[in-house]
Amino acid sequence: MLEIKVWYQDNLLPRIYRKREGEWYDLFCAEDIFIPQFCERLVSLGVVIQLPEGYEASLQSRSSTFKHYGVIQGDAVGVMDNAYRGKDDIWKFPAVCINPHDECLGTKGSWIRKGDRICQFRLVEQQPKAVIREIETVEDESRGGFGSSGKR
């Protein structure tokens, strides 16, 4: 069985878990943070995670993150490789507030509170090693370019 080693910045933070086999591992906000509308913040998750050799993590927002907080993930999909594992390599969630749910000192935005489940990750085997080889011409038939498969 693979082992994931986790260091928690704060002993009061909820522990990483997954509810059922095959599900992603939930991660929690490590601080109370207000994100003004149309602004981005790196939300600390308060953990250093040492992934097994040969694996990386795919970090994504939970399906309910937008519903509950009005924020989306700033980089759409985050990849954490297993070299990101030192004492200062605290995982963070890049969040952008586009649909504010709260207000702070007259500014619209959204609060995310310490201990809130904000995002999730799954283990993914790292990409296999490959050699890049430059070619002189492209001989395969074209499909029609980017976006050519239509809407339906």
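Overview of values
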{"read-out": "When residues of the stretch 94-118 are limited to those that are open to solvent by 80 Å² or more (accessible area, probe 1.4 Å) and either assigned to a strand (DSSP E or B) or out of contact with any helix residue (DSSP H, G or I) (no Cβ under 9 Å at 6 or more places or on another chain) (or both), the one nearest to Gln37 (Cα to Cα)", "value": "Lys108"}
{"read-out": "Hits in the stretch 70-93 (condition: open to solvent by 30 Å² or more (accessible area, probe 1.4 Å), under 15 Å from Arg41 (Cα atoms), of a type outside the set (A, V, I, L, M, F, W, C) and not in a loop (DSSP other than H, G, I, E, B))", "value": "Lys92"}
{"read-out": "Condition broken by Phe121, with the remaining ones in (1) of a type in the set (A, V, I, L, M, F, W, C); (2) in contact (Cβ under 8 Å) with a residue 60 or more places away in the chain; (3) open to solvent by 70 Å² or more (accessible area, probe 1.4 Å) satisfied", "value": "(3)"}
{"read-out": "Selection count, the stretch 13-31, where residues are out of contact with any strand residue (DSSP E or B) (no Cβ under 7 Å at 6 or more places or on another chain) and either open to solvent by less than 90 Å² (accessible area, probe 1.4 Å) or in contact (Cβ under 8 Å) with a residue 24 or more places away in the chain (or both)", "value": "2"}
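The values are calculated or read from the model by the stated rules, or taken from the named source; none is laboratory data. Just so we're clear, the structure is a prediction, and the values are computed from it rather than from any experiment. A quick note on method: Cβ atoms are made from the backbone with ideal geometry, for glycine too, and the neighbour counts reach across all protein chains shown. When the accessible area is computed, the model is the full protein with side chains, heavy atoms only, and any ligands, DNA or RNA have been set aside. Shrake-Rupley method; radii C 1.70, N 1.55, O 1.52, S 1.80 Å.
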